[in-house]
Amino acid sequence: MSKKSLNSRTLIILSLIYSSSVSYTQTPLNVVSEYNYHQQNPHSIIEIDGRIYTAGIALTKDDPSNRELFFVEYDQWLKPISNVILKEEKGYQTSANNSTELLHYDGKFYKGCHEDSFGPNGHRLSYGFIAQYDVTTKEVEYFHKIQDTTMIDSYIAPESISLKDTGLLTVLYSTGVHDLFMQTFDLSNNGQLLNVKRYADGLYNYFPGKLLTISDFSIALGSFADKITNEYLGTFIWEFDESLNVIKQKIISNPLYRNHEIHAVVDHNHDIVIAYNEHEGDFRTARPLAIKMDSDLNILWERPIGDPIFLRHNTYYAEVVESHQKDGYLFCGHDGARDSISEYRGQIAKLSLDGDSIWHRKYIPFLEKNQRAADFEHMTQSNDGNYLVCGSASNSNAEQDSIYFLTWMLKIDEDGHIVLADTSSNVTNLEEDRVRIFPNPTSEWLYIEHDDIDELSYSLYDSQGRLAVELKNLEAHTSYMIDVSTFHSGLYYLHIIDSHRRRQIETIVIE
């Protein structure tokens, strides 16, 4: 199929008639699922031995005032296989998004969480814990409750966990009095507690965000503020030896930096890449920022992620991973922009090793009449050279079925394109590959992806010339979906119209 420019006159590219039916394996891997909970919000994702696992918060229907930790197992096509929740003490609320990591060791997963409640006098009751999920038995239970091993009498929650190949599990906690707290466990020796350290002083409040493991030492990152005024002072980066002694420190004190949440990754060169936020002197405007440091904690570069301009809507990146090809870094997160399709959406960007922008894209989980709201929480490399992303999507039918938030799963390739389960499915590339339309033929969803072309509009007509769907003035760098599951089978014509009213027509087969 030849490609034609959007500058061409009105034309029909080609009509393709397929005799074969669309199989399940041609489904784009952009899936929304629910497990009969009021909420199912995943915050972590990992792939092990051909199975995909997520963990997050579930608001159960049997006790709608109590959130629980839940785990879900999927097959390679993102189809749920099983799910389980960890029943906690009644009246306590689980917050499973404290630590986004979901770590695997010897057939078990580990996830950092905390539970809190309020007594009759308003006193906050809280405990942090590590949950353990057994891959074979599908059972989830407590691995460790921090209040069982410390006398700290305040709110305490695990913010991040890290794991070495030897089975050494390290946990970074925050406390209600804004100290740092760390513990290490030996998973190879029945989870034995090896070390406990607390870091406090009378000058600063510490807000830990991320724990990284590099060779035989660990690095903790977070923000800190004045103890008296609570004025933001900057970001701290501390390096620890295996005994949890601080051996190196770095401070980033740029007053224009503000971290929504600090997330970071260690790459193959032991360099550290941090997902950050910055403003321009006005807290109403901000943009996502990446900072790269070498192993000596020297800053190598600072670059904006995605759109380089400062925006008034809430936009941030919640996770960063190194690319499979080791040629850059991928970030996933939340874009607060609104258009006629979505209230807000998930976004993913890729930077080069030198911080140059390679691409950035925005995604929505599906398209219905009501506006959608969705975001990404976590991302991981998949075993097939692609990337798995998880997040949440609000349910437009919540008033009818009392399901408020759904689990959203996505698989993308190295270029940020949504992956088809069957790579032989037809993909139409237009305008020098800046517009992609797939799959074709289709029976459920029609996807439209376009890169840096803004204000495109799409109109889908049936063979009788009747308008079936119309999308106007859509945003660049965004993937859109059209639900065609209720359409009659036959030929349809997708009109692609740019901001100068130039038109291109693509034939779509709906089965």
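The values are calculated or read from the model by the stated rules, or taken from the named source; none is laboratory data. Since the model is a prediction, treat every value here as computed from it, not as a measurement. Please note: Cβ atoms are built from the backbone with ideal geometry, for glycine as well, and neighbour counts cover all protein chains shown. Ligands, DNA and RNA are excluded from the accessible area calculation, which covers all protein heavy atoms including side chains. Shrake-Rupley method; radii C 1.70, N 1.55, O 1.52, S 1.80 Å.
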Please identify the pairs in which a residue from the range 180-199 that is aromatic (Phe, Trp, Tyr) and modelled with pLDDT under 95 has its Cβ atom under 8 Å from the Cβ atom of a residue that is part of a loop (DSSP other than H, G, I, E, B) and surrounded by 15 or more Cβ atoms within 10 Å (Cβ to Cβ), counting only partners at least 6 apart or on another chain.
-> Phe181/Thr150; Phe181/Ile152; Tyr199/Asp179
Quick one: in the range 273-292, of everything that is open to solvent by 10 Å² or more (accessible area, probe 1.4 Å) and within 24 Å of Ser162 (Cα to Cα), which residue is modelled with the highest pLDDT?
-> Lys292
Out of curiosity, is Tyr480 out of contact with any helix residue (DSSP H, G or I) (no Cβ under 7 Å at 6 or more places or on another chain), part of a strand (DSSP E or B) and surrounded by fewer than 19 Cβ atoms within 10 Å (Cβ to Cβ)?
-> no
Verdict on Leu410 being at pLDDT 85 or above, surrounded by fewer than 23 Cβ atoms within 10 Å (Cβ to Cβ) and part of a strand (DSSP E or B) | no
Are any residues in the range 306-323 within 17 Å of Ile412 (Cα to Cα) and surrounded by fewer than 16 Cβ atoms within 10 Å (Cβ to Cβ), and if so, which ones?
-> none
Limited to the range 49-80, what total is found for residues that are open to solvent by 10 Å² or more (accessible area, probe 1.4 Å), under 19 Å from Asn30 (Cβ atoms) and of a type in the set (A, V, I, L, M, F, W, C)?
-> 1
Within the range 296-362, strands (runs of 3 or more DSSP E) holding 2 or more residues that are among the charged types (D, E, K, R) | 299-304, 316-322, 342-352
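Of Val140, Val196, which residue is open to solvent by 10 Å² or more (accessible area, probe 1.4 Å) and farther than 15 Å from Glu242 by Cβ?
On the way: Val196 fails: farther than 15 Å from Glu242 by Cβ.
Matching residue, one of Val140, Val196: Val140.
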Would you please list the contacts, defined by Cβ atoms under 9 Å and residues six or more apart or on different chains, that run from a residue in the range 494-506 that is more than 16 Å from Arg436 (Cβ to Cβ) and modelled with pLDDT under 85 to a residue that is of a type in the set (A, V, I, L, M) and exposed (fewer than 14 other Cβ atoms within 10 Å of the Cβ)?
-> Arg503/Leu11
Failed criterion for Gly281 (all others in (1) within 30 Å of Leu351 (Cβ to Cβ); (2) outside any strand (DSSP E or B); (3) touching a Phe, Trp or Tyr at 6+ places or on another chain (Cβ under 8 Å) hold) | (3)
Taking His270 and the conditions (1) part of a loop (DSSP other than H, G, I, E, B); (2) open to solvent by less than 10 Å² (accessible area, probe 1.4 Å), which numbered condition does it fall short on, given that it satisfies the others?
-> (2)
Test set (1) surrounded by fewer than 19 Cβ atoms within 10 Å (Cβ to Cβ); (2) under 23 Å from Asp452 (Cα atoms); (3) among the charged types (D, E, K, R); (4) at pLDDT below 90 - Arg303 fails condition number | (4)
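So in the range 239-250, with the set limited to residues that are surrounded by 13 or more Cβ atoms within 10 Å (Cβ to Cβ) and either in contact with a helix residue (DSSP H, G or I) (Cβ under 6 Å, 6 or more places away or on another chain) or among the hydrophobic types (A, V, I, L, M, F, W, C) (or both), which one is farthest from Ile274 (Cα to Cα)? Walk me through it before giving the result.
Within the range 239-250, the first condition is being surrounded by 13 or more Cβ atoms within 10 Å (Cβ to Cβ), and the residues that meet it are 239-240, 242, 244, 246, 248, 250.
After this cut, where a residue has to be either in contact with a helix residue (DSSP H, G or I) (Cβ under 6 Å, 6 or more places away or on another chain) or among the hydrophobic types (A, V, I, L, M, F, W, C) (or both) as well, the list is 240, 244, 246.
On the way: Phe240: 18, Leu244: 22, Val246: 20 Å.
Among those residues, the one meeting the criterion is Leu244.
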Out of Phe207, Phe236, Phe224, report the one residue that is under 23 Å from the mean Cα position of the chain (by Cα), over 30 Å from His324 (Cβ atoms) and either buried (at least 20 other Cβ atoms within 10 Å of the Cβ) or not aliphatic (A, V, I, L, M) (or both).
-> Phe207
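Just give me the residues in the range 461-488 being more than 28 Å from the chain's Cα centre (by Cα) and either among the hydrophobic types (A, V, I, L, M, F, W, C) or closer than 19 Å to Asp451 by Cα (or both), in sequence order.
Of the range 461-488, the ones more than 28 Å from the chain's Cα centre (by Cα) are 461-470, 486-488.
The answer is Leu467, Ala468, Val469, Phe487.
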Residues of the range 483-511 satisfying the condition of being touching a Phe, Trp or Tyr at 6+ places or on another chain (Cβ under 9 Å), of a type in the set (Ser, Thr, Tyr) and open to solvent by 50 Å² or more (accessible area, probe 1.4 Å) = Ser485, Tyr493
Taking the range 434-452 only, how many residues are assigned to a loop (DSSP other than H, G, I, E, B) and in contact (Cβ under 8 Å) with a residue 60 or more places away in the chain?
-> 6
From Ser342, Ser396, grab the single residue that is hydroxyl-bearing (Ser, Thr, Tyr) and either modelled with pLDDT of 85 or more or surrounded by fewer than 20 Cβ atoms within 10 Å (Cβ to Cβ) (or both).
-> Ser396
